[in-house]
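First the structure, in the form of structure tokens, and then the observations on it.
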Amino acid sequence: MRKVKSKKSLKGQMRVIEAIMASLIVIAAVVFLYVFAAAPSSPPQEASELEKIGHNVLHDIDEQRLLARYIYNAEWTNLTAALLVSVPTNVYFNVSIYDINGRPISHPLMQYGNQQFFTTSKATASVSYIVPGYLLSYNPRILVLQLVRG
Amino acid sequence: MRLVRERRGQFIVIAALLISIMIVSVSTVIYGTVTYFKYERWEEYLTIVDSVRTATNNLLQIRLANYSQIGSPPNPPPTLRDNLNQWIGDVRKAYPGFGVDLSYSLASGVKSAFGMTLNYNLGLARRWYQSTSFSAANATFNLNIASVGLTGYNFTADSFLKVTIRDAVWYGGSNSVSIYLTVDREGPEPVLSLLKSNFVVVKASNVTQSNFTLRRYYSSTFNSFIYEVQINSISALPSSVELTIHDGRGMRVISASIPRSS
């Protein structure tokens with residue numbers, strides 16, 4: 001009778017040990033995931049927002065058939081003014097224009113805001129916009145608009 | 001009986017192991033999915049797609065503007081294909097590293113669009129010297145961006161300018177001819193921003209006229225906004241009237257009609 005009782009208690013202890021082992025295995029799996037799973041590095045939301053703003057602004061100016069005119073007629077002041085009224089006031093910009101081979105087109109500085117922010121800010125956006133030509137002439141230009149929030 | 005109980009005990013450990021494997025593998029899949037989405041620069045890709053699409057539309061307009069300036073209607077110069085081939089190369093250069101690949105097919109043969117029947121030849125069509133005249137271009141493009149696995153983005157680029165002379169009347173009392181016309185572009189939508197300078201050539205009886213005025217107003221007779229070109233000092237009913245119009249995009253259409261006496 002005593003022998004049977006001690007066998008039963010041994011089995012009970014084994015159950016507890018098994019349960020503890022099972023728990024430890026599951027906990028180990030969770031800890032493993034927690035420790036080794038690197039947090040996904042996503043691009044900052046801010047840069048994405050600025051890209052959206054930049055593209056929309058250029059697209060709107062282009063839709064009004066003004067962008068090509070400004071670029072090919074060298075109306076740099078008008079281009080700067082159009083961007084100035086289109087982007088939010090706390091967004092600073094810097095414009096560069098290149099030919100299709102990436103050679104810069106000579107133009108005066110077209111920028112707005114404190115340019116220091118372009119070097120200090122973590123979220124700087126750059127939008128490339130291709131313009132094929134103007135009226136009858138095909139001569140592609142690439143407009144690069146850099147944006148940063150001030 | 002003893003054996004069965006021992007197996008049950010092992011089963012708990014095995015079940016825990018299986019659960020652990022499931023947790024790890026499912027987490028790996030979820031992690032992969034989440035990070036894949038977050039790593040992609042969707043805004044930038046959408047920007048490229050939109051930019052290429054807009055620029056391609058603009059290119060087609062430039063080509064149509066060229067086509068409507070030069071060449072004769074039966075034998076239009078096949079420049080659209082050459083220019084599009086060049087454009088494909090330039091798009092690749094403009095977005096290096098993205099694997100942007102643009103291909104095209106030019107509209108060919110008879111197609112119905114903008115409420116008209118257009119007969120395209122190598123993507124271009126025009127019908128001039130009629131009361132309803134037009135210049136048109138049409139091509140379908142396929143855009144792939146290899147770096148993100150975007151394939152088969154199709155879009156159609158259309159350019160169109162139509163001039164319809166609704167009526168042309170010679171007024172003997174005032175020695176003038178009034179030409180009532182509407183101008184439409186792709187959409188179709190009316191072109192309402194033309195100025196006198198957009199009416200490059202105005203002819204009556206095949207003689208170029210410089211003494212004309214232009215008005216734009218809503219006409220209840222024609223139930224639309226119309227342009228009225230009034231040519232002065234026309235003492236007799238002209239055999240024909242002819243208008244050469246170019247819009248702000250540089251596209252040109254020549255429309256002609258036979259006027260009637262009031």
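No lab work stands behind these numbers, since they all come straight from the coordinates. Keep in mind it's a predicted model, so treat the numbers as computed, not measured. Counting neighbours? That spans all protein chains shown, and the Cβs are built from the backbone with ideal geometry, glycine included.
B:Ile179: net charge of surrounding residues, Cβ under 12 Å, Lys/Arg +1, Asp/Glu -1, itself excluded? Mind dumping the intermediate values first?
Working: positive: B:Arg166, B:Lys203, B:Arg215, B:Arg260; negative: B:Asp167, B:Glu228, B:Glu242.
Net local charge, B:Ile179 excluded: +1.
Roughly how crowded by other chains is peptide A:49-58, in terms of the mean Cβ count from those chains within 10 Å of each of its Cβ atoms? Before the final figure, lay out the partial values.
Details: counts 1, 1, 6, 3, 0, 2, 7, 2, 0, 4.
Per residue, the average neighbour count from other chains is 3.
Provide a whole-number value for the mean count of partner chain Cβ atoms within 10 Å of the Cβ atoms in peptide B:216-225. Please report the intermediate quantities before stating the final value.
Details: counts 0, 0, 0, 0, 0, 0, 0, 0, 0, 0.
Other-chain Cβ atoms within 10 Å of each residue's Cβ, averaged: 0.
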- [ ] Would you mind pulling out the separation of the Cα centroids of the range B:112-173 and the range A:130-150, in Å?
- [x] 25
Open item on the list: Using a 7 Å offset from Cα along Cα-Cβ at A:Leu24, what residues in the range B:11-30 end up with backbone N under 12 Å from the label point?
Closed with: none
Task: Value of [θ]222 nm, deg cm²/dmol, for chain B, DSSP H segments ≥ 4, -39500 (n - 2.57) each, nearest 500 - done: -11000 deg cm²/dmol
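Please average, across the residues of B:11-24, the number of beta carbons from any other chain that are within 10 Å of each residue's own beta carbon, and give a whole number. Could you put the intermediate results ahead of the total?
Details: counts 2, 7, 7, 2, 3, 11, 5, 1, 4, 10, 2, 1, 5, 6.
Going residue by residue through B:11-24 and averaging, the value is 5.
What net charge is computed for the residues neighbouring B:Thr132, neighbours being all others with C-beta under 11 Å from the C-beta of B:Thr132, Lys and Arg scored +1, Asp and Glu -1?
Once positives and negatives cancel, what remains is +2.
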Task: aspartates and glutamates with Cα under 14 Å of B:Lys196, excluding same-chain neighbours fewer than 8 positions away - done: B:Glu228, B:Asp247
TODO: Mind giving me the FRET efficiency for B:Gln69 and A:Ala81? R0 is 30 Å, r the Cβ-Cβ distance, nearest 0.05 is fine.
DONE: 0.45
- [ ] Would you mind counting up the charge near B:Val241? Only other residues with Cβ under 12 Å from its Cβ, with Lys and Arg at +1 and Asp and Glu at -1.
- [x] 0
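So for the range B:84-215, averaging the separation of alpha carbon pairs under 8 Å that are six or more residues apart and normalising by length, what relative contact order in percent results?
Rounded, it is 15 percent for the range B:84-215.
Going by a ≥ b ≥ c, the root eigenvalues of the Cα gyration tensor, does the range A:84-132 fall in the rounded group (a/c under 1.5), the prolate group (a/b larger than b/c) or the oblate group?
Details: a/c = 1.89, a/b = 1.70, b/c = 1.11.
Judged from the Cα gyration tensor, the range A:84-132 comes out prolate (a/c at least 1.5, a/b above b/c).
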Open item on the list: Based only on other Cβ atoms within 10 Å, what is the fewest-to-most ordering of B:Leu17, A:Leu79, B:Leu59, A:Leu135?
Closed with: B:Leu17, A:Leu135, A:Leu79, B:Leu59
Open item on the list: For B:Leu192, B:Leu64, A:Leu136, which order do you get if you count the other beta carbons within 10 Å of each Cβ and list the fewest first?
Closed with: B:Leu192, A:Leu136, B:Leu64
